[in-house]
Amino acid sequence: MITKRGIVITVVILGAITAASFSVWLIPQNDDSSFVVSDFQGHLESIKARHGVIAEEIESDLQNMIGGTALPDDFILKAEASSSQINSLIIEIVKSGAPQEWQESYLNYDESLKRYNDYLREAIGIANKMKGDISDAELQESLERLDGIKKESESFALKSDETKP
């Protein structure tokens, strides 16, 4: 049974949530964080190493999900966390202030990370499909598309290596 009191409480809660959401967007954020990088090769290698660890973990989790030993919901949580970590690496690259001679290498690795984020989004899509009913042919097609995105990411990583000063 719907009561006036219930409606009023619901409206107040929704109003508070909406106000809080707008305040996050309207209040200026102080982003005073900065990265001071002096060893650009070491910095890029560090980013690549962290990316590699994330990629290994996701690959293992993906294989476990496809093999049926891990739940799609668990994979989705891990992939979303990995996407957040990849976004942090992208921010590190952007804020590094790489000098001109390192720009091309850094930009190529930035693209590699962006493609890897596309890979993660596609993998999350596959996991969502696996929660329902997915045919073997549809799964195979999705995995092939996923592999293509992964190869694009790897291609940009190789270009990054090739363009190092």
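The values are calculated or read from the model by the stated rules, or taken from the named source; none is laboratory data. All figures in this text were calculated on a predicted structure; none of them were measured in a lab. For neighbour counting, all protein chains shown are included, and Cβ atoms are generated from backbone atoms with ideal geometry for every residue, glycine included. Calculation scope for accessible area: heavy atoms of the full protein, side chains included, ligands and nucleic acids excluded. Shrake-Rupley method; radii C 1.70, N 1.55, O 1.52, S 1.80 Å.
The set of residues from region 63-80 being of a type in the set (Gly, Ala, Ser) and either open to solvent by 60 Å² or more (accessible area, probe 1.4 Å) or more than 17 Å from Asp118 (Cβ to Cβ) (or both) comprises Gly67, Gly68, Ala70. Count of region 94-119 residues, restricted to those that are in contact with an Asp or Glu (Cβ under 8 Å, 6 or more places away or on another chain), open to solvent by 50 Å² or more (accessible area, probe 1.4 Å) and more than 22 Å from Ile58 (Cβ to Cβ), is 1.
Scan region 94-132 for residues that are over 21 Å from Lys151 (Cα atoms) and among the hydrophobic types (A, V, I, L, M, F, W, C) and jot them down. Even if it seems obvious, please write down each step before you answer.
Here is the first cut: in region 94-132, the residues over 21 Å from Lys151 (Cα atoms) are 94-103, 128-132.
Of everything in region 94-132, those that are over 21 Å from Lys151 (Cα atoms) and among the hydrophobic types (A, V, I, L, M, F, W, C) turn out to be Val94, Ala98, Trp102, Met130.
For region 17-45, the set of residues classified as among the hydroxyl-bearing types (Ser, Thr, Tyr) and either modelled with pLDDT of 70 or more or touching a Cys at 6+ places or on another chain (Cβ under 8 Å) (or both) consists of Thr18 only. The conditions of being modelled with pLDDT under 95, at negative phi, under 16 Å from the mean Cα position of the chain (by Cα) and part of a helix (DSSP H, G or I) are met by Lys48. When Leu158 is tested against (1) of a type in the set (A, V, I, L, M); (2) within 30 Å of Leu44 (Cα to Cα); (3) surrounded by 16 or more Cβ atoms within 10 Å (Cβ to Cβ), only condition (3) is not met. Evaluate region 129-138: report whether one residue or more is of a type in the set (Val, Ile, Thr), in contact with a helix residue (DSSP H, G or I) (Cβ under 9 Å, 6 or more places away or on another chain) and at pLDDT 90 or above. No, region 129-138 has no match at all. Within region 118-165, being outside any helix (DSSP H, G or I) and either among the hydroxyl-bearing types (Ser, Thr, Tyr) or in contact with a Phe, Trp or Tyr (Cβ under 8 Å, 6 or more places away or on another chain) (or both) holds for Ser135, Thr163, Lys164, Pro165.
Annotation: Gly97 fulfils all but one of (1) over 16 Å from Met130 (Cα atoms); (2) in a helix (DSSP H, G or I); the unmet one is (2). Residue selection: Lys114 fails the criterion of being more than 19 Å from Ser155 (Cβ to Cβ), of a type outside the set (Ser, Thr, Tyr) and touching a Phe, Trp or Tyr at 6+ places or on another chain (Cβ under 9 Å). Within region 140-165, residues that are of a type in the set (S, T, N, Q) sit with their Cβ atoms under 6 Å from residues that are open to solvent by 90 Å² or more (accessible area, probe 1.4 Å) and part of a helix (DSSP H, G or I), at 6+ positions apart or across chains, in these pairs: Thr163/Glu104.
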